[in-house]
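Peer 1: What follows is a single structure, and I will ask about it in a moment.
The values are calculated or read from the model by the stated rules, or taken from the named source; none is laboratory data. A quick note: this is a predicted structure, and the numbers were derived from the prediction, not measured. In this analysis, Cβ positions are derived from the backbone assuming ideal geometry, glycine residues included, and neighbour counts consider all displayed protein chains.
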Amino acid sequence: MDLGSVLLILALALLVGMILTQPFLRIKETEKLIQERKTSQEKDHLRSALLAEQERVLSALQELEFDYALGKIPAEDYPHERAALLKHGADILRQLDALQPGNGRQKSAEERIEAAIAARRADAAGRPAAVAELDEVELAILERKRQQQARPAGFCPQCGNPVTQNDRFCSKCGNPVEKSL
């Protein structure tokens, strides 16, 4: 055998070796992509759970303030419960910020909670709060207030389905609703 034949055989063996290892390399790449997807799905799941928990805390804060206004909660318990809920809400916001690095937010969780408290106090005092100064917590609280204002204001005289003041017809049976609601 001459040198050319040996080099040709080596080149052919190298080519066959590369072709045979391709599927193994693709498997490693596929495993890496699957792992990245799992990590991404876990982050999405955690973010979703944190958003649901944030919504729960907002509801609890709103219920706490409503119960305090009705006198169901003693004055000495109200500040402690409110502080605990606000601390929990700030913790949730910190965790959400950690999941979304570089999202342009410059306020810390404490500052955002304090801004929400200030906006709530302004709203409770009857002063219109500036919408530009509200953060996501306060906007969520205001949206919930708007939704609660559209809660049932009465019942359909025909079928007993709850209707709001803006309803002209029952959504269940279609009968006209009296304006005296």
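Peer 1: Which condition from (1) surrounded by 10 or more Cβ atoms within 10 Å (Cβ to Cβ); (2) modelled with pLDDT of 85 or more; (3) in a helix (DSSP H, G or I) is the one that LYS72 breaks?
Peer 2: Just one mismatch for LYS72, condition (3).
Peer 1: Taking GLU76 as the residue in question, decide whether it is of a type in the set (D, E, K, R) and closer than 30 Å to ILE141 by Cβ.
Peer 2: It is true that GLU76 is of a type in the set (D, E, K, R) and closer than 30 Å to ILE141 by Cβ.
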